[in-house]
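Below is one structure; the comments refer to it alone.
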Amino acid sequence: MLEEVDGKPKASFKTLRVADLPDHDVLVDVAYSTVNYKDGLALTGKGRIARKLPMVCGVDLAGTVISSRSPAWKPGDRVVVNGWNLSETEWGGYIQQQRVKPEWLVRVPDTFSLAEAMAIGTAGYTAMLAVLALEHMGVRPIGPEVLVTGAAGGVGSIAVSVLAKLGYRVVASTGRAETHDYLKSLGAHAIIARTALTDKGGPLQQERWGGAIDSVGGQTLANVVAQTARHGAVAVCGLAGGSDLPASVFPFILRGVSLVGIDSVQAPAVRRQEAWKRLASDLDKAKLDAMTTIEPLSKIFELADAIVRGQVRGRTVIDVRK
Ligand code: NDP
């Protein structure tokens with residue numbers, strides 16, 4: 001739990017009672033949470049994520065409904081919560097039971113265990129929202145290659161897997177040479193170094209990508225946009241490399257390139273349900289298992305530090321009972 005100590009947020013383990021939980025309508029027996037980039041920022045203090053204290057961190061959770069004052073849910077329902085400002089203004093998933101609002105919940109598709117639902121977690125559901133956005137903009141497997149930046153991270157790993165399963169020729173951009181075999185095993189057909197996209201380039205570069213999913217931002221995103229082929233689209237998910245966008249309008253007005261923003265936190269219920277339905281059909285479970293590590297909640301500080309230093313590969317599920 002994050003609490004204010006000497007004027008600063010400080011995280012520690014605490015014992016709470018059910019009566020201490022927020023007064024929302026659905027009580028969930030939490031099985032798993034995850035480590036997302038935002039969790040790393042919150043726990044290391046490198047980003048001011050929690051906007052009120054005290055705060056139970058963890059941007060998502062998966063578990064089973066214990067009781068519900070809402071007719072929409074009943075005891076035994078397997079549910080997941082992603083986003084909805086968990087860990088910012090609402091208490092999150094690093095806890096064994098949590099009370100949440102009924103409208104935040106999505107049913108876990110039968111094909112996934114609760115651990116697999118969290119292996120997907122906010123990162124995977126965001127990756128799926130990005131794939132849906134590219135499809136919506138007309139990006140198709142028969143077109144030019146698609147690029148995934150920050151490919152060995154959580155969003156990137158699931159984006160590579162899903163796009164490959166859908167038949168796209170996926171180029172993965174990574175800063176870690178040791179992840180090349182891993183990325184190929186997820187379905188990347190080619191790999192480029194992160195540094196190939198980090199130097200300042202022209203506003204219109206050689207057209208290469210039919211579409212792209214970007215977790216990096218900054219100069220990388222500017223170069224990706226400048227290299228996107230006519231009428232292609234770039235789904236913008238993250239800022240692992242920077243929050244600025246030093247680009248020009250030329251790709252948009254001369255090539256009809258689209259930049260599509262991905263917001264997983266406040267996405268409407270219908271889009272979430274669509275994303276989870278598509279994950280159930282379009283994510284290879286063997287690949288999901290291969291990119292997932294399950295860790296105990298007791299190691300959360302170490303894991304938070306690793307993710308902000310860009311050292312986490314794939315997805316880390318947190319077992320909140322350990
Ligand atoms: P991870 O830390 O798992 O992955 C980020 C990846 O980005 C790293 O693995 C690394 O990939 C790459 N990277 C890290 N630092 C840098 C850098 N300085 N320059 C270039 N590349 C870098 O995080 P997630 O996948 O969970 O999240 C990715 C981004 O998406 C984050 O910024 C996060 O905040 C954002 N996000 C946004 C959401 C939304 O709703 N829009 C929801 C979820 C996440 P590699 O080693 O392969 O180079």
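The values are calculated or read from the model by the stated rules, or taken from the named source; none is laboratory data. Bear in mind the structure is a predicted one, so any value in this text is a computation, not a measurement. All Cβ positions, even for glycine, are placed from backbone atoms using ideal geometry, and neighbour counts span all protein chains on display.
Quick rundown of the values:
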| read-out | value |
| --- | --- |
| Scan of region 235-270 for residues that are part of a strand (DSSP E or B) and closer than 27 Å to Leu86 by Cα, ordered by number | Ala235, Val236, Leu259, Val260, Gly261 |
| Region 163-178, residues that are within 11 Å of the ligand (Cβ to nearest atom) and touching a residue at least 24 places away in the same chain (Cβ under 8 Å) | Ala172, Ser173, Thr174, Gly175, Arg176 |
| Subset of region 294-322 [more than 19 Å from Thr126 (Cβ to Cβ) and not in a helix (DSSP H, G or I)] | Ile294, Glu295, Pro296, Arg309, Gln311, Asp319, Val320, Arg321, Lys322 |
| Extreme residue, surrounded by the most Cβ atoms within 10 Å (Cβ to Cβ), among residues of region 191-211 that are within 14 Å of the ligand (Cβ to nearest atom), outside any loop (DSSP other than H, G, I, E, B) and not basic (Lys, Arg) | Leu197 |
| Meets criteria (surrounded by 15 or more Cβ atoms within 10 Å (Cβ to Cβ) and more than 10 Å from the ligand (Cβ to nearest atom)) for Leu186 | yes |
| Matching residues, region 34-57, being of a type in the set (Gly, Ala, Ser) and either in contact with a Ser or Thr (Cβ under 9 Å, 6 or more places away or on another chain) or away from the ligand (no atom under 13 Å from the Cβ) (or both) | Ala42, Gly45, Ala50 |
| Qualifying position, being more than 16 Å from the ligand (Cβ to nearest atom), of a type in the set (S, T, N, Q) and buried (at least 18 other Cβ atoms within 10 Å of the Cβ), among Thr220, Thr122, Thr228 | Thr228 |
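Here's the yes/no breakdown for (1) out of contact with any Leu (no Cβ under 7 Å at 6 or more places or on another chain); (2) more than 16 Å from the ligand (Cβ to nearest atom); (3) not assigned by TED's automatic domain parsing to the domain that holds Asp29:
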{"residue": "Val131", "(1), (2), (3)": "no, no, yes"}
{"residue": "Ile142", "(1), (2), (3)": "yes, yes, yes"}
{"residue": "Ser161", "(1), (2), (3)": "no, no, yes"}
{"residue": "His180", "(1), (2), (3)": "yes, no, yes"}
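Results for (1) within 14 Å of the chain's Cα centre (by Cα); (2) farther than 26 Å from Arg176 by Cα; (3) crowded, with 20+ Cβ neighbours inside 10 Å, shown as yes or no for each residue.
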| site | (1), (2), (3) |
| --- | --- |
| Val236 | yes, no, yes |
| Phe250 | no, yes, no |
| Leu259 | no, yes, no |
| Arg271 | no, yes, no |
| Ile307 | yes, no, yes |
| Ile318 | no, no, yes |
